Amino acid sequence: MSLDVGLSLAGGRAARQGSWTVTPLHAVVAVFLMAIMLRGVLPFNVDVSWWLIVCERMLDGQRLYVDILETNPPMAGSVYMLGVVLARAIHMRPEVVTNGLIFLLIAASLALTWRALRFSSLRERAGGAAAVWAAALLTILPMYDFGQREHLALVVMLPALAVYILRANREPVAPSAILIAGLCAATTMNFKPYFVFGVGFCILTAAAQARDWRVLFAPENWIAAALVVIHALCIVAFYPEYFTLIYPLVRDVYLLLKAPLLAILLTSATVLWLVAIMVVLAMQSRRRKVDAAALVVMAGSLGFAVSFFVQGKGWGYHAYPMVALGLLAAGWAVAAGGDEQAGLRRLRAGAILIVALSFANACLWFNASVDMRRVQEEVRLIGPRPKILMLSAAAVIGHPMVRELQGTWVSRQEALWTREIVRRALKDGSIDQATADRLAPYVARERAGLIEDFRKQPPDVVVIDNQDSDWGNWAAADPELSALLKAYVSVKNINGIEILRRADLS
């Protein structure tokens with residue numbers, strides 16, 4: 001939870017005396033180095049890759065929600081803009097610069113968290129161990145989902161979490177920490193409205209633990225609320241299309257994309273989260289006094305669990321904040337548990353093993369990705385820097401492939417999900433034919449945008465997904481699309497994913 005720099009200074013003194021001591025700061029640096037090496041091995045995330053394209057297009061003059069179709073609020077893309085701008089300035093790949101900036105953000109978040117807790121009794125109890133654990137949860141645990149909005153939202157929230165813990169402990173909070181906490185909490189909530197549960201549960205728990213309702217109206221909460229309102233007003237002023245074009249589409253179509261509740265409850269993420277919470281409760285049951293830090297962090301985890309279930313997709317990155325905070329609370333409860341009694345020592349040993357196994361399993365869960373290397377290599381053979389168009393709702397087919405090949409993404413959107421959501425909802429009985437007919441204008445608008453993009457910038461490669469859908473038959477039955485596709489020849493079919501190239505390409 002904190003960066004115990006004081007311990008590192010002690011290590012420095014020991015080194016000057018002829019010995020060397022591993023300090024929490026050394027361990028945090030080692031964790032960062034391990035995580036940086038992982039970035040060179042793991043594939044780049046599909047959505048982050050798309051957002052880099054969005055930022056590049058915006059810098060080139062295209063308008064978000066008009067020339068670029070995206071369902072997320074502007075905050076989702078603006079956080080990647082600095083990486084793209086800096087990459088252009090120093091002539092490096094945006095992926096490398098973006099990852100570097102994220103690591104700097106994590107380091108800054110941990111440093112600000114330590115600074116907020118520097119006068120707290122928490123630092124003396126488990127600060128160093130918790131700092132190392134927090135670093136691992138923020139840098140290594142995300143795995144394939146590194147850089148996703150949920151990941152960044154939790155990174156930014158950490159200094160605010162420290163202030164909520166201080167409020168719960170009835171400890172003083174520095175004015176600078178109040179300002180930073182308000183800014184961090186607002187940024188987290190501005191990523192997605194669902195994240196208000198994570199922030200709100202922390203505030204409510206802090207007030208309940210402190211037995212002081214005034215905590216609900218602490219200055220950082222007013223600052224956060226004001227910044228959220230200002231952000232909303234800025235969207236209205238600068239991105240009115242988000243409310244006139246995107247919100248109705250999200251409300252009527254995108255929210256149909258939900259997994260069954262039972263399926264979400266049975267995901268590995270839910271099980272891992274429950275295990276982490278049980279570890280916290282088991283450790284708390286042996287303590288004479290409630291640990292405010294573990295309680296507030298666990299409340300934040302519960303709030304993000306509500307966000308996970310409300311979104312209803314069951315996707316891995318949606319679960320990251322709840323799992324990471326659950327493991328953070330469990331790690332804190334173990335580190336601060338003490339060794340006074342033999343029974344407690346055995347409980348701690350068992351809890352450490354469970355938390356370690358949970359971390360390993362969570363890494364496997366968050367590393368889930370779809371291997372599209374065969375498709376990418378086939379497209380690479382067609383020619384350098386290809387212009388690519390995809391007929392599919394599966395974004396993972398085209399991203400990050402197009403960036404890996406230094407190609408151009410022809411479509412205005414990441415994937416053609418509108419038609420696919422309506423088709424699947426009708427097929428599984430989620431909607432009836434009358435509702436499908438009411439949603440037909442959204443599907444028609446997506447088709448019109450696809451054809452306009454096709455004609456404006458004829459692609460070198462067209463990828464058609466017949467793996468789990470019927471995009472090939474749909475295109476063949478459409479007079480305009482089938483006419484456009486006559487200029488293309490089939491190159492390869494890889495497990496139902498058909499690759500076409502323009503016939504006039506040598």
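Just so you know, all these numbers are worked out from the coordinates, no wet-lab data involved. Every value quoted in this text rests on a predicted model; they were computed, and no experiment measured them. Glycine also receives a Cβ, built like all others from the backbone with ideal geometry; neighbour counts cover every protein chain displayed.
The table below lists the values:
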item	result
Nearest 10 degrees, 0 to 90: helix 440-456 Cα axis against the chain principal axis	70 degrees
Separation of the Val306 and Ser268 label points, Cα + 7 Å toward Cβ, nm	2.8 nm
Radius of gyration and Dmax over the Cα atoms of region 291-393, both given in Å	21.1, 69
Estimated [θ] at 222 nm from DSSP helical runs (n ≥ 4, -39500 (n - 2.57)) normalised by residues in the chain, nearest 500	-21000 deg cm²/dmol
Acute angle (nearest 10 degrees) that the helix 46-59 long axis makes with the longest principal axis of the chain, alpha-carbon atoms	70 degrees
Kirkwood Rh, angstrom, region 21-115 [1 / mean 1/r, Cα pairs]	15.1 Å
Over 28 Å (Cα to Cα) - which of Lys427/Lys486; Lys192/Lys492; Lys387/Lys492; Lys192/Lys427; Lys387/Lys427; Lys387/Lys486 fall in this group	Lys427/Lys486; Lys192/Lys492; Lys192/Lys427; Lys387/Lys427
Value of D in µm² per second that Stokes-Einstein yields for region 177-288, Kirkwood Rh from Cα pairs, at 37 °C (0.692 mPa s)	189 µm²/s
Label-zone membership for region 308-324, site Thr71, 7 angstrom Cα→C-beta point, backbone N under 13 Å	311-315
Ratio of Rg to Rh over region 67-125 (Cα coordinates, Kirkwood Rh, two decimals)	1.20
Descending semi-axes in Å of region 373-502, equivalent ellipsoid built from Cα gyration tensor	26, 15, 13
Region 415-423 - phi-based ³J(HN,Hα) in whole Hz, Karplus 6.51/-1.76/1.60, Gly and Pro as x	7, 8, 8, 4, 4, 5, 4, 5, 4
For region 287-309 and region 233-268, distance of Cα centres in Å	27 Å
Karplus-derived 3J(HN,Hα), 6.51/-1.76/1.60, for each residue of region 394-409, Hz, glycine and proline x	8, 4, 5, 5, x, 10, x, 3, 4, 6, 4, 8, 6, x, 10, 8
Lys289-Trp213 FRET efficiency (beta carbon distance; Förster radius 22 Å; 0.05 resolution)	0.50
Under 5 Å, built H, 5+ apart or other chain: amide partners of Lys192	none
Debye intensity ratio I(q)/I(0), log10, region 5-366, q values 0.15 Å⁻¹ (C-alpha model)	-1.44
Ranked by how many other beta carbons lie within 10 Å on average, peptides 179-190, 26-37 from highest	179-190, 26-37
Using alpha-carbon coordinates, inclination of helix 268-285 to the longest axis of the chain, degrees	10 degrees
Two-decimal ratio, region 182-225, of alpha-carbon radius of gyration to 2.2 N^0.38 Å	1.11
Summed residue charge, Cβ within 12 Å of Arg373's Cβ, Lys/Arg positive, Asp/Glu negative	-2
Formal net charge of residues neighbouring Phe308 (Cβ-Cβ distance under 15 Å; K, R +1; D, E -1)	+2
